[in-house]
Amino acid sequence: MKRGIVVAGGTVDSGMKDILENREGGTIVIGVDRGISVFIRIGLQADYYLGDLDSIDSADIPLIPKDRLHKFPAEKNASDLELALALCVELDLDEVFVYGATGTRWDHSFSNLLMLKRFYDLGLQVILANEKNQARVLSSHQTIRKEEVESYRYLSILPLSMGGVLVSETGVKYPLDQERLLFGQTRGVSNESIGEDIKIEVMEGVALLILSND
């Protein structure tokens, strides 16, 4: 599996240096606009730097390696993060963790969550992550097991399909057995791991899986 890490311009984990230094070999790393400053601050290099550079500290711009920079105009029809994920598709990556995709701007945060479905349909599993949360798309005939969720206390299934999703959950406080969760319904929010063999299976539809800790 070909993996990537994208560091965007929102709120970034304090442990970002450890995440980058301990990444799996061969992982492609991309710094996006203000996220580029993270690499300069911690003294690490990304494989690609991308963005319009309108939100980065001007003192950092001369420090960006020009041979790794994909610069775009400020006025364009896609966000810098969307362009970075499009690059991941071009690079034929299978899975990418995105840090700094959420912050104080609700419009950016919400659009970034919705982008997960678009890029999932293009064959790229995008996982938004921060110190407390992780979000990814689940679709029909896809199963999530304990090792993928065990470090989180809460898990929520939010239907993205207008017809809802058919889902089963075991190893959780509120098990579900082929239950249909409707779009806009909160039935799937804030289930809890109880330390057993957790299994989440979507039989029909597309959902957002959000893992959380307090």
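The values are calculated or read from the model by the stated rules, or taken from the named source; none is laboratory data. Model, not experiment: these values are computed from the prediction. Ideal geometry is used to build each Cβ from the backbone, glycine not excepted, and the neighbour counts take in all protein chains shown.
Data for the structure
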| item | result |
| --- | --- |
| Residues located in segment 146-160, provided they are under 12 Å from residue 202 (Cα atoms) and not hydrophobic (A, V, I, L, M, F, W, C) | 159 |
| Lone qualifier among 201, 192 - being part of a strand (DSSP E or B), among the charged types (D, E, K, R) and out of contact with any Ser or Thr (no Cβ under 8 Å at 6 or more places or on another chain) | 192 |
| Boolean, residue 7 is of a type outside the set (D, E, K, R), modelled with pLDDT of 95 or more and loosely packed, with under 15 Cβ neighbours inside 10 Å | no |
| Residue match in segment 24-32 (condition: surrounded by 13 or more Cβ atoms within 10 Å (Cβ to Cβ), among the polar types (S, T, N, Q) and without any contact (Cβ under 8 Å) to a residue 40 or more places away in the chain) | yes |
| Failed item, numbered, when residue 102 is tested on (1) among the β-branched types (Val, Ile, Thr); (2) modelled with pLDDT under 95; (3) more than 18 Å from residue 16 (Cβ to Cβ) | (3) |
| Boolean, residue 162 is more than 25 Å from residue 130 (Cβ to Cβ), of a type in the set (A, V, I, L, M), at pLDDT 90 or above and part of a loop (DSSP other than H, G, I, E, B) | yes |
| Test: residue 128 is touching a Ser or Thr at 6+ places or on another chain (Cβ under 9 Å) and at pLDDT 95 or above | yes |
| Single residue of 30, 36, 5, 40 found to be farther than 19 Å from residue 128 by Cβ and not small (Gly, Ala, Ser) | 40 |
| Conditions (1) farther than 26 Å from residue 214 by Cα; (2) free of Cβ contacts under 8 Å to residues at least 40 places away in the same chain: number failed by residue 161 | (2) |
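One line per residue, one yes/no per condition, for (1) surrounded by fewer than 14 Cβ atoms within 10 Å (Cβ to Cβ); (2) among the basic types (Lys, Arg):
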residue	(1), (2)
172	no, no
180	no, yes
184	yes, no
190	yes, no
197	yes, no
202	no, no
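Residues checked against (1) touching a Ser or Thr at 6+ places or on another chain (Cβ under 7 Å); (2) among the small types (Gly, Ala, Ser); (3) in the same structural domain as residue 8 (by TED's automatic domain parsing); (4) at pLDDT below 95:
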position: 43; (1), (2), (3), (4): no, yes, yes, yes
position: 48; (1), (2), (3), (4): no, no, yes, no
position: 72; (1), (2), (3), (4): no, no, yes, yes
position: 89; (1), (2), (3), (4): no, no, yes, no
position: 118; (1), (2), (3), (4): no, no, yes, no
